[in-house]
Amino acid sequence: MKKILKKSGEIAAVILLLFLCWSAAFFITPWILELFSIHNLSFYMKQIIDSFLGFFLFGLIMYGISRIGFVQAQQTVFFRPMIDAMKNMARGNFNIDLSPYKKEIKNRRHPFYEIINSINHMAKELGEMEQMRQEFISNVSHEIQSPLTSISGFAHALKNKNLSNEERRQYLEIIEVESMRLSKLSDNLLKLTSLESEHPPFEPKTYRLDQQLRRVILSIEPQWRNKNLEMDVSLDKMTIIADEDLLNQVWINLIHNSIKFTPNNGKITVSLIKKDTDRIAVIIKDTGIGMTKEVQMHIFERFYKADPSRSRSSGGSGLGLAIVKKIIEMHKGEILVESLPDEGTEIKVILPIDFL
C-alpha cells in the first residue's frame, strides 16, 4: 500500500509539474510573440509554440533538479550496486551481488529489470568462461609438466658414467617417447585453436568418402596387425561435399582409438551406409574395453581421460575427441556413442552429403 501511495505521489508530482510548465508557456508565448512583433498567428501555431515551450521548461526544470546535491546522492545510491558490479567484473570477479535491486524492481516491465538481468547473465557467462580458461591452463600445464619431468629426470640420469648400454638405450627411448608426446600435444593444441578461431581452415570439395576411409585404414595397418585385430570393412560407394583434410583427422582419431582400446585378437568393424536421401553414416565398432555411461558424458571434453594411467602410457593428451567433435560440428553433423564396459564401443558419425 505504501509503495502504491508513493508511486501515485510521484505520478501526481510529474503531472503537476507538466501543468505548471504548460501554464507558464501559455503566458510566456504572447510575450515572446509581442517581443519579436509576430502577429496574425493561427490558433494552431500558437498551440504548437506553447507545447514546445512547455516541453522545454519541463526539461529545464528536470535538469535543474538532477543537479541538486541530494538528488545526485540518491541517484548514486541507486546506481552504486550496478557500478560496483561492473568494477568487479573488470577486475575478473564475476561473483556479483545485485540483490538490492530485487527489493525495488519487481515489475518485469520496469526499464531496469532487463538491464539487471542482462548484467547477471553476462556475469554468469563470463564466470563460466573464466573457469574454463583456468581449467584449460591447469590441464595444459599438467600435460606439459609430466613429460618435461620425465625428460629432465632421465637426461640427468644419463650423466651417470656407470650406466650400462642397455640402461642408456632405455632412458633414451623414454626421452624420445615423451618428446613425441609433447610434440603431439602441441600439434593438437594448435589444431584446436585453429578450428575455434574466427576464420578456421575450411575448404569443402567433392570427393569419394569410401576411398578416403580405405586409405586411412591401410595407412594404420601396422597398428592393427601388431595386435592381430580382425578388420571388417564394409563401405558403400559414397560421394560427399566436405573438407577432406579435416575429415581425414576424424577417421584417423576414431579408428586409432578403437585400435588402442581393443585387446589383442579383437575385432573392429568400419562401415559406411546411406542413412537417408541427404545423410550418410560412418559406423566404427570394436570389441574393446568399452566405457560407462558417465564416461560417455565427458569423452568429448578437452583433456578428459577415462583412464589417465592408460592414456599416459599410450601417449594420449585428451584432445583428440574434442577435435573430432569440433570438425563434425563444422560439417553440421553429429557423433553418437554407444558403449558398455567390457562389451565394446560403437561410434556413429552422421554427416550431410552436401551441407552447403
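The values are calculated or read from the model by the stated rules, or taken from the named source; none is laboratory data. In this text, all values refer to a predicted model and were calculated from it rather than measured experimentally. Here Cβ is always computed from backbone atoms with ideal geometry, including for glycine, and neighbour counts include all displayed protein chains. Accessible surface is based on the protein model in full, side chains and every heavy atom, while ligands, DNA and RNA are left aside. Shrake-Rupley method; radii C 1.70, N 1.55, O 1.52, S 1.80 Å.
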### Summary
Checked Lys267, Lys275 against criteria (open to solvent by 50 Å² or more (accessible area, probe 1.4 Å) and in contact (Cβ under 8 Å) with a residue 60 or more places away in the chain); the one match is Lys275
### Task
Identify the residue in segment 197-256 that is surrounded by fewer than 16 Cβ atoms within 10 Å (Cβ to Cβ), among the small types (Gly, Ala, Ser) and not in a loop (DSSP other than H, G, I, E, B) and, among all such residues, is modelled with the highest pLDDT.
Ser234
### Summary
Picking from Glu329, Glu294, the residue that is charged (D, E, K, R), over 26 Å from Gln145 (Cα atoms), at pLDDT 90 or above and part of a helix (DSSP H, G or I) would be Glu329
### Message
Which pairs turn up if I take residues in segment 44-63 that are within 13 Å of Ile28 (Cβ to Cβ) and open to solvent by less than 40 Å² (accessible area, probe 1.4 Å) and look for partners that are assigned to a helix (DSSP H, G or I) and hydroxyl-bearing (Ser, Thr, Tyr) with beta carbon separation below 9 Å, at least 6 apart in sequence or on another chain?
### Response
Asp50/Thr29; Leu53/Thr29; Gly54/Ser23
### Task
Go through Leu16, Leu5 for me and flag whichever is open to solvent by 90 Å² or more (accessible area, probe 1.4 Å), out of contact with any strand residue (DSSP E or B) (no Cβ under 9 Å at 6 or more places or on another chain) and modelled with pLDDT under 75.
Leu5
### Task
Please verify whether segment 280-287 includes one or more residues that are in a loop (DSSP other than H, G, I, E, B), in contact (Cβ under 8 Å) with a residue 40 or more places away in the chain, open to solvent by 50 Å² or more (accessible area, probe 1.4 Å) and under 18 Å from Leu336 (Cβ atoms).
no
### Subset tally (residues that are open to solvent by less than 60 Å² (accessible area, probe 1.4 Å) and not polar (S, T, N, Q)) for segment 172-196
9
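Out of the residues in segment 332-356 that are in a strand (DSSP E or B) and either among the aromatic types (Phe, Trp, Tyr) or touching a Ser or Thr at 6+ places or on another chain (Cβ under 9 Å) (or both), which is most open to solvent (accessible area, probe 1.4 Å)?
Per the criteria, the residue is Glu338.
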#### Entry: Residue check for Gly266: on the phi > 0 side of the Ramachandran plot and either hydrophobic (A, V, I, L, M, F, W, C) or touching a Ser or Thr at 6+ places or on another chain (Cβ under 8 Å) (or both)
no
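For Arg169, state whether it is assigned to a helix (DSSP H, G or I), surrounded by 13 or more Cβ atoms within 10 Å (Cβ to Cβ) and among the basic types (Lys, Arg).
So Arg169 fails the test.
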### Query
Using beta carbons and a limit of 7 Å, which pairs, at least six apart or on different chains, have the first residue in segment 148-161 and over 9 Å from Ile175 (Cα atoms) and the second one in a helix (DSSP H, G or I)?
Ala157/Tyr171; Leu158/Arg168; Leu158/Tyr171
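Going by what's in this entry, would His142 be described as in a helix (DSSP H, G or I) and modelled with pLDDT of 80 or more?
Judged against the criteria, His142 is not a match.
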